[in-house]
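Participant: Supplied in structure tokens, the structure appears directly below.
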Amino acid sequence: MMKKYLLLLTLISCSDKDLSVKNKEVVNSMFEAFNAHSWEKMASYYADSASFLDPSFGAEYVIKSRSETSEKYKGYESMMPDIHDQIVSVEAVGDKVFVEFISTGTIKDGPTFKLPIVSILTIKDRLIVKDATYYDSN
């Protein structure tokens, strides 16, 4: 009985580990597309109706489509042509991926910026279905 229980725990643990690795791959690929300014490709890592919690959208979750997500970042690029995200750390637990990163860039005809950000991404079937992003919006 004990051997069966240990085998079951090992299988569950391996399954969770595999899921975490796959989910980290999704997130890393999404950031690669972001840094290449390939907005449609970046948006393709999201479900077509993903939930976003982001200070740029207000204080509540909102639903955005892939095309709306792509358009948002096209707008950012037009304001900050050299926008770039540098990942500091990525940790995955089950369907959640926690990403700490630094966003940098130069505002057109203006100053440069460096903004620390944390995102908690929920992934289902290799797509981001929920994106809770936190940063100082002041």
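Participant: Please list, ordered by first then second residue, the pairs with beta carbon atoms under 7 Å, 6 or more apart or interchain, first in the stretch 64-81 and closer than 15 Å to S49 by Cβ and of a type in the set (A, V, I, L, M, F, W, C), second open to solvent by less than 70 Å² (accessible area, probe 1.4 Å) and modelled with pLDDT of 95 or more.
Facilitator: none
Participant: Would you mention how many residues in the stretch 32-59 are closer than 16 Å to A132 by Cβ and of a type outside the set (S, T, Y)?
Facilitator: Within the stretch 32-59, residues that are closer than 16 Å to A132 by Cβ and of a type outside the set (S, T, Y) number 9.
Participant: Could you run through the stretch 98-126 and say how many residues are assigned to a strand (DSSP E or B), within 13 Å of V26 (Cβ to Cβ) and open to solvent by 50 Å² or more (accessible area, probe 1.4 Å)?
Facilitator: To start, the set of residues in the stretch 98-126 that are assigned to a strand (DSSP E or B) comprises 98-106, 112-124.
Filter once more, keeping what is within 13 Å of V26 (Cβ to Cβ): 99, 119, 121-124.
Applying the additional criterion that residues be open to solvent by 50 Å² or more (accessible area, probe 1.4 Å) yields 124.
Total meeting the criteria: 1.
Participant: When the stretch 25-49 is examined, which residues are found to be touching an Asp or Glu at 6+ places or on another chain (Cβ under 8 Å) and part of a helix (DSSP H, G or I)?
Facilitator: F31, F34, N35, W39
Participant: Without any contact (Cβ under 8 Å) to a residue 12 or more places away in the chain and of a type in the set (D, E) - does that describe any residue in the stretch 51-62?
Facilitator: Yes, there is a match, as at least one residue in the stretch 51-62 is without any contact (Cβ under 8 Å) to a residue 12 or more places away in the chain and of a type in the set (D, E).
Participant: On the given criteria, is F52 in a strand (DSSP E or B), open to solvent by 60 Å² or more (accessible area, probe 1.4 Å) and out of contact with any Ser or Thr (no Cβ under 7 Å at 6 or more places or on another chain)? Full working, then the answer.
Facilitator: Numbers: in a strand (DSSP E or B): yes; open to solvent by 60 Å² or more (accessible area, probe 1.4 Å): no; out of contact with any Ser or Thr (no Cβ under 7 Å at 6 or more places or on another chain): yes.
When the stated conditions are applied, F52 does not pass them.
Participant: What are the residues in the stretch 57-71 that are at pLDDT below 95 and either open to solvent by 80 Å² or more (accessible area, probe 1.4 Å) or closer than 23 Å to N28 by Cβ (or both), if any? Break it down into steps so the answer makes sense when it comes.
Facilitator: So the first thing to find is which residues in the stretch 57-71 are at pLDDT below 95, and the list is 57-59.
Correct list: A59 only.
Participant: Out of the residues in the stretch 81-94 that are modelled with pLDDT of 95 or more and part of a loop (DSSP other than H, G, I, E, B), state the one that is nearest to the chain's Cα centre (by Cα).
Facilitator: I83
The values are calculated or read from the model by the stated rules, or taken from the named source; none is laboratory data. Only a predicted model underlies this, so the values are computations on that prediction, with no experimental measurement involved. Every residue, glycine as well, gets a Cβ built from its backbone with ideal geometry; the counts of neighbours run over all protein chains shown. The accessibility values were calculated without ligands, DNA or RNA, using every heavy atom of the protein model including side chains. Shrake-Rupley method; radii C 1.70, N 1.55, O 1.52, S 1.80 Å.
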